[in-house]
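Single-structure report; data block below.
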Amino acid sequence: MFVKEEINTYQKNRPKSREIWQRAIKVLPGGISHNIRTFGLPLIGAFPVFINSASGPYLSDIDGNEYIDCWCGHFAMILGHNPPEVQETIREHLKHGWHFGTNTTYQVNLAEAIIQENPGIEKIRFCVSGTEATMYASRLARAFTKRRIVAKAQMGWHGANDTLYYDVGGIFGGDGPPGLPNAKEAGVLTFEINNDRTFDLIKRNSDNLAAIILEPVLGGGGGFPVEKEFLKKLREETERYGILLIFDEVITGYRFTNSLFQNELNVIPDLTTMGKIIGGGMPIGAVGGRKDIIQQSSPEVENQVLIGGGTFSGYPLSMVAGLKTLEILKDSHQEYHRINQEGDKLLNNLNQLFSDEKLPIIA
């Protein structure tokens, strides 16, 4: 009864969102442009809200309701919504145009800033999304090693490309949804994190294994951290068999400190994929790493590996917004401390709430 009353109150306070939702389901599959953005609400007879503005930690919907946002644009908005310095940077560059389809100094500036803080990144190629970045990283690995198979962590999310959309589980659609080749056809294996059986899998498939790819913390897989000792041994075993190690740092990059998380772990992969924070809230993806591997994508190389061929690769507004964001994070040494404190506070309060209500949940 309580839930029904809450749903009724929710709907009553959001008439404009209800109206837009009815229009949306007629023109968009499921009424959305990203599967998780229904937030499960239609399953309980409700509908998602439609946001029209944001500032700091707050979102406002078209009915005037305000929300505390712990999602922050799929984790891309580490400074919160609409930070003044980033907004001003974007406004200033809009005066000169926003898409040229040419080289710009902004690409070089952002690349230099990332390389300066990360010893494992010798060269970098920008694209438009994390999905593209992981697809390109897999392609580079296969070309470099002349092997076919890529192994990924179970429950690991690396975007929706055909190469890695396997064993993702949960809200992202489970194993091998329709339209994809099966894992064997795609040349994909999956492994368990923090489990020594993974090293047996590597040994058995070492002759055909081009790369291991995983997130240092499984984002879509529930926020599970990969143990440092497991990562160190993974680095040792991949080097032993000539297999490339790829870290997907689309979420973890610049999340905990003013650099990639691999530096804190002291485990440096051969390739790294990036996104989200490095674009300052604008669309971006990137793959970087060892020079000899990334250089395969140069037009000057015979049998060039095609990566980063999109219309909006190196998009100027993404470059300048990303650079400004990284500059702010670098100059404000206390920002990460504050963010981590707030995260700990939220975690502790949630666990206290679950305990008080005797719920079998741990945050």
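The values are calculated or read from the model by the stated rules, or taken from the named source; none is laboratory data. The structure displayed is predicted, hence computed values, not measured ones. Quick reminder, even Gly has a Cβ in these numbers, built from the backbone with ideal geometry, and neighbours come from all protein chains shown.
General observations
- Test: residue in segment 307-317 that is within 24 Å of residue 102 (Cα to Cα) and loosely packed, with under 11 Cβ neighbours inside 10 Å: yes
- Looking across 31, 130, one residue alone is on the phi > 0 side of the Ramachandran plot, touching a helix residue (DSSP H, G or I) at 6+ places or on another chain (Cβ under 8 Å) and buried (at least 16 other Cβ atoms within 10 Å of the Cβ). It is 31.
- Subset tally (residues that are out of contact with any strand residue (DSSP E or B) (no Cβ under 9 Å at 6 or more places or on another chain) and touching a residue at least 24 places away in the same chain (Cβ under 8 Å)) for segment 93-109: 11
- Test: residue in segment 4-27 that is charged (D, E, K, R), outside the structural domain of residue 282 (by TED's automatic domain parsing) and in contact with a Pro (Cβ under 9 Å, 6 or more places away or on another chain): no
- Only one entry of 335, 357, 342, 327 meets the criterion of being over 20 Å from residue 254 (Cβ atoms) and either of a type in the set (D, E, K, R) or in contact (Cβ under 8 Å) with a residue 60 or more places away in the chain (or both), and that entry is 357.
- The number of residues in segment 15-24 being touching a residue at least 12 places away in the same chain (Cβ under 8 Å) and over 31 Å from the mean Cα position of the chain (by Cα) comes to 2.
- Listed here are the helices (runs of 4 or more DSSP H) enclosed by segment 1-90 that have at least 1 residues being within 24 Å of residue 327 (Cβ to Cβ): 72-75.
- Any hit, segment 239-247, residues being touching a Leu at 6+ places or on another chain (Cβ under 7 Å), of a type in the set (D, E, K, R) and in the same structural domain as residue 201 (by TED's automatic domain parsing): no
- Restricting attention to segment 37-56, the residues that are surrounded by 15 or more Cβ atoms within 10 Å (Cβ to Cβ) and out of contact with any Ser or Thr (no Cβ under 9 Å at 6 or more places or on another chain) add up to 4.
- The number of residues in segment 43-88 being in contact with a His (Cβ under 6 Å, 6 or more places away or on another chain) and outside the structural domain of residue 17 (by TED's automatic domain parsing) comes to 0.
- Residue match in segment 97-111 (condition: in a strand (DSSP E or B) and touching a helix residue (DSSP H, G or I) at 6+ places or on another chain (Cβ under 9 Å)): no
- Filter result for residue 335 (modelled with pLDDT of 90 or more and over 20 Å from the mean Cα position of the chain (by Cα)): no
- Applying a threshold of 8 Å to beta carbon distances and a minimum spacing of six or more residues, or different chains, the list of pairs starting in segment 26-45 at a residue that is in contact (Cβ under 8 Å) with a residue 60 or more places away in the chain and ending at one that is not in a helix (DSSP H, G or I) reads 35/173.
Yes/no matrix, rows are residues, columns are (1) out of contact with any strand residue (DSSP E or B) (no Cβ under 6 Å at 6 or more places or on another chain); (2) modelled with pLDDT under 95:
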{"position": "120", "(1), (2)": "yes, no"}
{"position": "132", "(1), (2)": "no, no"}
{"position": "145", "(1), (2)": "no, no"}
{"position": "149", "(1), (2)": "no, no"}
{"position": "175", "(1), (2)": "yes, yes"}
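- Tabulated pairs, segment 281-301, first exposed (fewer than 15 other Cβ atoms within 10 Å of the Cβ), second in a strand (DSSP E or B), C-beta under 6 angstrom, 6+ apart or interchain: 291/123
- Residue pairs whose Cβ atoms lie under 8 Å apart, separated by 6 or more positions or on different chains, with the first residue in segment 200-216 and assigned by TED's automatic domain parsing to the domain that holds residue 249 and the second part of a helix (DSSP H, G or I) and of a type in the set (Lys, Arg), are 210/142; 211/142.
- Test result for residue 289, assigned by TED's automatic domain parsing to the domain that holds residue 210, out of contact with any Asp or Glu (no Cβ under 6 Å at 6 or more places or on another chain), at pLDDT 95 or above and not polar (S, T, N, Q): no
- Wholly within segment 254-340, helices (runs of 4 or more DSSP H) carrying at least 2 residues that are farther than 13 Å from residue 125 by Cα and out of contact with any Lys or Arg (no Cβ under 7 Å at 6 or more places or on another chain): 261-265, 316-331
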